[in-house]
Amino acid sequence: MHQRFDDVSDESIAYLVDRFYAKIRADARLGPIFEGVIAAKGWPGHLATMRAFWSSVMLTTGRYKGNPMLAHMRLEGVRPDDFEHWLVLFQETCEELFTDQIAAAFREKAGRIAQSLQFGMFYRPEEHQPRAVS
């Protein structure tokens, strides 16, 4: 059984990030994508960045100073459906660690973030023009 948290704190965020990325690293689809990118920076640096990111998102600490869209635009081999898979793993981890209400708050934020990143990476207006009606 995993530790369960009744509130959102930097400690609980760190635990979430560490558990979640352990799942990512073990995942047959997402693991190689992340390993390919994070190998240069190293996992400790990436985990610290993700802890700061989620602290900024959930606790409004302002600790994260990066650009998530730019970071994700550099990824190679990512498909639109990878975001759904990422969300499933993230939601599963949240539900393991937090009360239902807190897990739902994380899920809501993660869903919006994933949707924004997916839209930014894959939406091409020229490919989504409405067809003329005859």
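The values are calculated or read from the model by the stated rules, or taken from the named source; none is laboratory data. Being a predicted model, the structure only gives us computed values, none of them experimental. Every residue, glycine among them, receives a Cβ derived from its backbone with ideal geometry; neighbour counts consider all protein chains shown.
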Flag if E35 is surrounded by fewer than 17 Cβ atoms within 10 Å (Cβ to Cβ), at pLDDT 95 or above and outside any loop (DSSP other than H, G, I, E, B): no
Some residue of region 92-112 being within 19 Å of A26 (Cα to Cα) and among the small types (G, A, S): no
Residue ranges of helices (runs of 4 or more DSSP H) in region 56-134 with at least 3 members loosely packed, with under 10 Cβ neighbours inside 10 Å, at pLDDT 90 or above and at negative phi: none
Any hit, region 19-29, residues being part of a loop (DSSP other than H, G, I, E, B) and within 24 Å of Y123 (Cβ to Cβ): yes
